[in-house]
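Each remark here refers to the structure printed beneath this line.
We did not get these values from a lab; they are worked out from the coordinates using the rules stated. Since the model is a prediction, treat every value here as computed from it, not as a measurement. Heads up, the Cβs are rebuilt from the backbone with ideal geometry, glycines too, and the neighbour counts pull from every protein chain shown.
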Amino acid sequence: PNPNPNPIPNPNPKPIRHDYNKLVLAQHLDDLNESFIMSALHNGQLRTMKANYEVPDRGGLRVIRPLVYCREAWTKDMATQNNLPVIGENCPACFEEPKERDRVKKLLKREESLFSEISGNLRRAIMPEI
C-alpha cells in the first residue's frame with residue numbers, strides 16, 4: 001500500500017524520505033531557452049522551466065535551479081576545471097533520444113552565430129516565466 005494518498009507518482013522519493021526540503025537541479029540558461037522555444041513552437045505556449053518552486057503535496061519540497069543564468073559552455077568549463085563529471089544530454093522527460101531538444105539546440109546555436117545577442121534576448125523574454 002502506498003502511504004502517499006496523492007495519485008501523482010513521486011519520481012524522486014529520497015528527498016522526502018530523508019526529510020530534505022530542497023531538490024537542486026542543474027539546468028542552465030541554454031536548457032531554459034530550448035524549453036521555451038520548444039513550448040512555443042510545439043505547444044503554442046510561452047513557458048519554460050521554473051527556477052524555484054514548491055512541489056504541491058510533497059511536504060514542503062522545493063525545487064531550485066541555481067544555474068539558470070549560466071550558459072552551458074560555462075558550466076562545462078567550470079566542471080572540467082574542478083574535475084567534476086560532465087553529463088551529456090539526459091532529458092528525463094524524453095523516452096527516446098532527445099531528438100527535438102537536440103534539433104532546437106542546433107537551431108539556437110546556428111542563430112547565435114548570426115546574431116550574438118539571441119541568448120540574452122531569450123533570457124529577457126523568459127524572465128517572467130522563471
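Numbers below:
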| read-out | value |
| --- | --- |
| Estimated dipole of the range 15-58 in Debye, rounded to 20 [Cβ of Lys and Arg +1, of Asp and Glu -1, Cα centre] | 120 |
| Ranked by how many other beta carbons lie within 10 Å on average, peptides 117-123, 35-41 from highest | 35-41, 117-123 |
| Set of lysines with alpha-carbon distance to K22 below 23 Å, sequence-local pairs under 8 removed | K14, K50 |
